[in-house]
Structures are given as structure tokens and as C-alpha cells.
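Chemist: Before we start, here is the structure in question, set down as C-alpha cells.
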Amino acid sequence: MNWRHWSVLVEAPHPLSSSIMSAVMITRKVRKWEKLPGKNTFCCDGRVMMARQKGVFYLTLFLIVGTCSLFFAFECPYLAVHLSPAIPVFAVVLFLFVMAMLLRTSFSDPGVLPRALPDEATFIEMEIEAANGNVPPGQRAPPRIRNVQINNQIVKLKYCYTCKIFRPPRASHCSICDNCVDRFDHHCPWVGNCVGKRNYRYFYLFTLSLSLLTVYIFTFDIVHVAMRSVVSGFLNTLKDTPGTVIELLVCFFTLWSVVGLTGFHTYLISLNQTTNEDIKGSWSGKNRVQNPYSHKNIIKNCCEVLCGPTYPSVLDRRGLMQDDLSALPSINNDSAPQTTKTTAPLIPNEHAPDEAKASAGSAAEKSHSPKEELPPTAKLPPLASPETDAETSIAKDKPH
């Protein structure tokens, strides 16, 4: 008969309760806009996207709504009776169109490009290093550019060190929003957003309609003052309608800037050119490089910019993604799993397996309670060895 002495580690499991969890990793589903990098703000569950600096945008709203309200209150009732009821109707339609184009420009994605994932950024870095080779210490690395051909003309794609991507043609990184924008035109604080590929046509329609609205109000303010001055005099008319004076001042100082801005963008659209390209002189520099995006036809250029297809957003702002939360700290010290080293006594090799299972089960039942101590000893089956295997096989062969 062979006897053995051995040791075993017994770990006591603790009950699964939320109040005594030691470390559990919790995941929840979030919208992708909550994790997007950059300096944009989102509202309405990611449907509205704007820049963080919105103070000038609120000023734009105040000037438009305030001036139109004064016009509807002071001029429209008089002009509708003494001139034509169509004047206030057309003013309301024009005002609603201006507000729709403003909100459409301000609340939409201008064409923000997603940043490279860590794996993609690493792969791009490896490609760049392989192309440039080893740069000797003390020397500047060559510029990170790629050449593509557009309409039989070479266009350079620049590498963005912030977004870790090669920007598409005509894209640029906005320092205010901290994002790369496709077909970047400029960042407009008056609309509180960047102007790019997806909202440029709405921005142009906003400036165009705002110019018409400003001219419309300014013109009928003068008509209103002239008609009432015939009856009650010029000074009495100004005293009776102080809102008209405010409207005339606001329209006079904003008329030139708004109309000038509309004319400038009309010129750019006719050339199929952006404000960023015009400022940098991309197509009118010393080399006299031709604009590869122009159709050499004003009508075709205007149709492409204003009547082209509406491009979908590539951000997928409202898509779902997994968010890992931090592990919960241990709350109850007694709930930690207890690990006890037990030493089994001298166990004979003929120990029945059923008895070993029963003794192990009783020990496990006692260990389920966190307040009860584990038994000092636990009977477990012996370690496997050639001798015990042989004795077990002989025992099975004996008839009962």
C-alpha cells in the first residue's frame, strides 16, 4: 500500500453581487460623435454640428431677427395699406429662406475627414519611412507629399500631422475646429462653422439671399420715410418711427460687406475656386499653374458648385460603438476570494473516488459563504502516478 503527502490550493469563490464586485469591466454603447476628436460641439444627439466659438453666430441671428422684426412692426403695416400687401408677404418669404440657409450652413457637417486609426497611422508612417529612407541626424526629413494626376496635371497631396492622413485634393486643416475639411473654403465665424464641400452652396445661397433681404429692407425703409414725410414732415416721421432709424443704420453698414462678400464668392464660383486657394494663389502664382478643377466655362462651373450632387457625411456621427468604462473598485474586503493552502493527510491510494468527490463538494459548499472560514483540511483524490493507475485498473477487474 502506497501513501502520499501532497498540498493543494483551494480558492473560495464569492457570491456575484453588485455590492461586492471587486473588479468588473463594464461596456456601454455610445454614439460616435461623443468620441470624435477635434473642437466641434454637437447637439440633438449628433445631428447638429458646429464650432465651439458661437458668439458671433448668435450676433448674426440677433441682427437678422432684430432688423426684420422692426421692419415687420413699423414699415410693413403702413406699406401694406398705402402701397401693396405683397410687400410684407415677400419680406416674410425672403426672411424664412435666409434663416433656413443660415441654419443649414451652421448646423451641418462641412465635410470633416475622419482621422486615421492607430493601426492606419502606423502603417502610413512605415510607408513614409520606407520611401524616404534613413535621414541622417541633424538633417530635416523631406516633406511628406504624394503626387496625383488630375486632368493631366500633377497635384500634391500634403500629409496632416494632426489627423495622420494624406489630405485629399483641395482639403485643408482648420486650426479653429482642429479637423481636416474636404474642399475647405474658409472658417466663417458669422455662421459658427467651417465652409467646405458639404455646405458651401448653402453658405453662398445664405449670403445671396441676405444681400437681397438687406437691399429690400433698406429700400422700403427709404420709401416709408419718404411717403410719411410728405404728410407729417421728415423730422416728425423719424420721431414717430424710431425703429426705422435703427434699420437704416444697420442696413447701411452691413449692406456693403454682405453684397461685397456675395460678389466675391460669385467670382470664385465662376472659376470653380475656393477662398483658400485664392488667398494662397494656388492657381495664379509665379508658375501660372492652371486650375485643374475648372471647366473653362462659367455656366459649367456654376452648375457643378451649386447644382452638383449632395455628398454624404463620412463621419457617421450617429453610429454606435463600444465604450469601455474603468474597473469598479473593491467595496467589501470580505468579498475578496480567499485562497487557502491546505495540506491533506496521509491518504491511501485505495481511497474511493466517490468519497473524494463528496469531501471536495462539502468543502466547496462551506467556502461559498464569505463569513465562514474554510476547513483546515480537505480530502481530495491522490495525484496520478503509474502505481496508482495500475492499482486502479486491478481493482476494476476484480468481480464484486
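Chemist: Whenever you get a sec, compute what percent of the accessible area on segment 182-298 sits on carbon and sulfur atoms (1.4 Å probe).
Modeler: 69
Chemist: For V48 and S232 in one chain, what is 0.36 nm times their gap in residues minus the Cα-Cα distance, to one decimal in nm?
Modeler: 61.2 nm
Chemist: For the cross-link pairs K54/K197; K54/K300; K156/K296; K54/K296, which exceed 28 Å when the distance is taken from alpha carbon to alpha carbon?
Modeler: K54/K300; K54/K296
Chemist: What accessible area per residue, rounded to a whole number of Å², is obtained for segment 184-257 using a probe radius of 1.4 Å?
Modeler: Value returned for segment 184-257: 45 Å² of accessible area per residue.
Chemist: Would you mind putting 218-224, 208-214 in packing order, based on average other-beta-carbon counts within 10 Å, highest first? Write down the numbers at each step before the final one.
Modeler: Values: 218-224: 18.6, 208-214: 20.7.
Result, highest mean first: 208-214, 218-224.
Chemist: Show me, for segment 207-219, the HN-Hα J-couplings you get by feeding each phi into the Karplus relation (A = 6.51, B = -1.76, C = 1.60, θ = phi - 60°), rounded to Hz, glycine and proline as x.
Modeler: Values, residue by residue: 5, 5, 5, 5, 5, 5, 5, 5, 5, 4, 5, 5, 5 Hz.
Chemist: For a quick protection proxy, order the peptides 269-281, 116-128 by their average other-Cβ count within 10 Å, most packed first.
Modeler: Values: 269-281: 17.5, 116-128: 12.5.
Sorting 269-281, 116-128 by mean packing, highest first, produces 269-281, 116-128.
Chemist: Can you work out the Karplus-derived ³J(HN,Hα) for every residue in segment 54-69? Use 6.51 cos²θ - 1.76 cosθ + 1.60 with θ = phi - 60°, whole Hz, and x for glycine or proline.
Modeler: 3J(HN,Hα) across segment 54-69, in whole Hz: 10, x, 5, 5, 5, 5, 4, 4, 5, 5, 5, 5, x, 5, 5, 5.
Chemist: Of the accessible area of segment 31-153, with the probe set at 1.4 angstrom, what percent is carbon plus sulfur?
Modeler: Of all accessible area on segment 31-153, carbon and sulfur atoms account for 63 percent.
Chemist: If packing is taken as the mean number of other Cβ atoms within 10 Å per residue, what is the order of 191-197, 228-234, 93-99, highest first?
Modeler: 191-197, 93-99, 228-234
Chemist: Please provide three numbers in whole Å: the alpha-carbon extents of segment 46-158 along the principal axes, with the largest listed first.
Modeler: Taking the Cα atoms of segment 46-158, the three principal extents are 82, 36, 28 Å.
The values are calculated or read from the model by the stated rules, or taken from the named source; none is laboratory data. It should be emphasised that the depicted structure is a prediction, and the values quoted were computed from it without experimental measurement. Every residue, glycine among them, receives a Cβ derived from its backbone with ideal geometry; neighbour counts consider all protein chains shown. Only protein heavy atoms, including side chains, enter the accessible area calculation; ligands, DNA and RNA are left aside. Shrake-Rupley method; radii C 1.70, N 1.55, O 1.52, S 1.80 Å.
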